[in-house]
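Structure record follows, encoded as structure tokens.
The values are calculated or read from the model by the stated rules, or taken from the named source; none is laboratory data. Since the structure is predicted, the reported quantities are computational estimates derived from the model, not experimental observations. Reconstructed Cβ throughout: ideal geometry from the backbone, glycine too, with neighbour counts over all protein chains shown. Note: accessible area is taken over every heavy atom of the protein model, side chains too, but ligands, DNA and RNA are not part of it. Shrake-Rupley method; radii C 1.70, N 1.55, O 1.52, S 1.80 Å.
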Amino acid sequence: CAYFFTAPMQYKIYQNHNRLPLSEQNGTCLPPSTPPPPSYTSVFRTFKGAKEELQTCVLYSYNAFWPSEKVWPGGSNLVAIWDDESNGDHQASEETKRIQLDWPQVHHIFEEMPAGGPFPESGFRRGWGYDRQQYSNMVVDLVLERANLTTEYIGIADTDSPLVAPVLPEALFRFSNGMWMPRVIGYNGCCTPGWTLGWHDGNLFMFGKNATLAGEFMVVIGFPIIVKAKHLKDMRRAIVKHVLNHDLMEKEDVVVGGPFEEAFTKMLQTGKKYSQFDIMMNFMWVRHRNEYHWVIRDQKRVNHPAFSKRISNDTDVLVTDFEKPPHIGLMKHECRTWEPFYRNFICLASGGSFCEKSSSLVDMDVNSSIEELFVDWEIRKMPGGKKERPQEGWLETGQNYLEKARQCRDADFVWMRAEDEALPNEVANLATTMKLLSQNRTSQSALLIN
């Protein structure tokens, strides 16, 4: 669906008297004694019908909350992948490039039609484009390689899920045992009729009826879903071996037309439901568990309305239920009402230095707003759902994280640009504000790959 937004908003720049003078801020943005974070690319598989989401929710929230290259030298690429055969997609891409802000570094790639034509419709009955998007994310490493955008890690999210908090590498990765490990957030749950019933059928088809299932990972609290690029190659080899009884050769591992497309099509032909993220992350749990930091919430504790029971009673799964300190939630599934979130959360992140004209931190329940960063909003949106209760440590962790982000001058977040550029107190609207604040950020022209 395409979402349209309300009238432009008025802003006023507020001074934050609790903040250290710029000359006294040390710019330290990473945990002590850690190497630079790994290369990382943000990916959004999109189409013409989602252009407004991409142009507003994604680009504006990334412009505000994604750190500069000083903090994350290999993490500044954002890739939009479109349908190559669609004239509407090409037009939407060109339109997006014309209004694109100077940050982050946005690349536009066009992916060709599957060799077998439109996929057969899966059990979701949502149109073949829905299945194409899921297929595309399962070969996204190949798409990026072909466009000379090779990266170690790939973060996948939907265009209707904006960032709501400043991003530091430690929010997406946990540094442990001498390595950066991407955090994975999911639920140890399954099987509610009419909702998640059948989502794991795809795993059983792709890997066998006795495949290990650790959790449900198609949840926005876990966005972006981060995978190591080379692990997707391992996953496709395992799927092709089980479904086709064929050893996938490197030259056969291609975006379209190869054995993996054939195996994926066979799964769709069964009419089963599935989840790209369940297939990916349950495979990573089995084959590459020690290279990820797992947080799998226990359904018996959380009582998520989408699930009726645990999917696993394995001790290794159960011990991942709690983490200290917890990981902040960076994205929310709320593009339709994105602007109010933007107003509240950028005001919160800036410590009150960049707020809507008519409000300030004085008007907010600051503690509750901080705890909201950890809440799974999907729970209360569902039938019978109630707002998730804040857990011990959420407030303190959120306070510490936001303070660290505020002191990280090298990140060059939007409110820092507002102060450094000495903008007028009143700025006309959101678009004007963001464009003014992005003028001096290092950027790279959008790259069109045909």
Residue in segment 248-255 that is assigned to a loop (DSSP other than H, G, I, E, B) and either β-branched (Val, Ile, Thr) or at pLDDT below 95 (or both) present: yes
Out of (1) at pLDDT below 90; (2) more than 25 Å from Val375 (Cβ to Cβ); (3) open to solvent by less than 30 Å² (accessible area, probe 1.4 Å), the odd one out for Phe283 is which? (1)
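Check whether at least one residue in segment 262-273 is in a loop (DSSP other than H, G, I, E, B) and aromatic (Phe, Trp, Tyr), and report yes or no. Quick ask: steps written out before the conclusion?
Within segment 262-273, the first condition is being in a loop (DSSP other than H, G, I, E, B), and the residues that meet it are 270-273.
Retained after the next criterion (residues that are aromatic (Phe, Trp, Tyr)): none.
Scanning segment 262-273, I find no residue that is in a loop (DSSP other than H, G, I, E, B) and aromatic (Phe, Trp, Tyr), so the answer is no.
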Just wondering, is there one or more residues in segment 305-315 that are open to solvent by 60 Å² or more (accessible area, probe 1.4 Å), at pLDDT below 95 and under 25 Å from the mean Cα position of the chain (by Cα)? no
Glu69 passes all but one of the listed conditions (1) buried (at least 21 other Cβ atoms within 10 Å of the Cβ); (2) more than 18 Å from the chain's Cα centre (by Cα); (3) closer than 30 Å to Arg409 by Cβ; (4) not hydroxyl-bearing (Ser, Thr, Tyr); the exception is number (1)
Collect the residues in segment 274-309 that are touching a Ser or Thr at 6+ places or on another chain (Cβ under 8 Å), among the aliphatic types (A, V, I, L, M) and under 21 Å from Gly123 (Cβ atoms), keeping them in residue-number order. Ala306
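On the given criteria, is Trp294 within 17 Å of the chain's Cα centre (by Cα) and of a type outside the set (Lys, Arg)? Can you show your working first?
Values: within 17 Å of the chain's Cα centre (by Cα): yes; of a type outside the set (Lys, Arg): yes.
Criteria met by Trp294.
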Pick from Ala115, Ala64: which is farther than 30 Å from Asn400 by Cβ, in contact (Cβ under 8 Å) with a residue 40 or more places away in the chain and among the small types (Gly, Ala, Ser)? Ala115
Restricting to segment 227-249, give me the number of residues that are surrounded by 23 or more Cβ atoms within 10 Å (Cβ to Cβ) and either in contact with a Cys (Cβ under 7 Å, 6 or more places away or on another chain) or closer than 23 Å to Thr159 by Cβ (or both). 1
Taking segment 190-217 and keeping only residues that are modelled with pLDDT of 90 or more, within 22 Å of Tyr292 (Cα to Cα) and not aliphatic (A, V, I, L, M), one is left with Asn203, Phe207, Thr212, Gly215, Glu216, Phe217
Considering residues of segment 326-340 that are touching a residue at least 40 places away in the same chain (Cβ under 8 Å) and in a helix (DSSP H, G or I) only, the residue surrounded by the most Cβ atoms within 10 Å (Cβ to Cβ): Trp338
Filter segment 105-136 for residues that are among the aromatic types (Phe, Trp, Tyr) and assigned to a helix (DSSP H, G or I) and give the result. Trp128, Tyr130, Tyr135
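Residues checked against (1) small (Gly, Ala, Ser); (2) under 22 Å from the mean Cα position of the chain (by Cα); (3) at pLDDT 55 or above:
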| position | (1), (2), (3) |
| --- | --- |
| Glu388 | no, yes, yes |
| Lys404 | no, yes, yes |
| Asp420 | no, no, yes |
| Pro424 | no, no, no |
Picked from segment 114-145 (must be of a type in the set (A, V, I, L, M) and closer than 23 Å to His231 by Cα), the residue surrounded by the most Cβ atoms within 10 Å (Cβ to Cβ) is Val140
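Is it fair to say Asp234 is part of a loop (DSSP other than H, G, I, E, B) and among the acidic types (Asp, Glu)?
Values: part of a loop (DSSP other than H, G, I, E, B): no; among the acidic types (Asp, Glu): yes.
In short, no.
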Considering each residue of segment 76-102, count those that are open to solvent by less than 30 Å² (accessible area, probe 1.4 Å) and out of contact with any Asp or Glu (no Cβ under 8 Å at 6 or more places or on another chain), and give that number. 9
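Which one of these is of a type outside the set (Ser, Thr, Tyr), touching a residue at least 24 places away in the same chain (Cβ under 8 Å) and closer than 30 Å to Lys251 by Cβ: Glu170, Glu152?
On the way: Glu170 fails: closer than 30 Å to Lys251 by Cβ.
None of the others qualify; the one that does is Glu152.
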Of the residues that make up segment 305-325, is at least one part of a helix (DSSP H, G or I), more than 23 Å from Gly178 (Cα to Cα), touching a residue at least 24 places away in the same chain (Cβ under 8 Å) and of a type in the set (D, E, K, R)? no
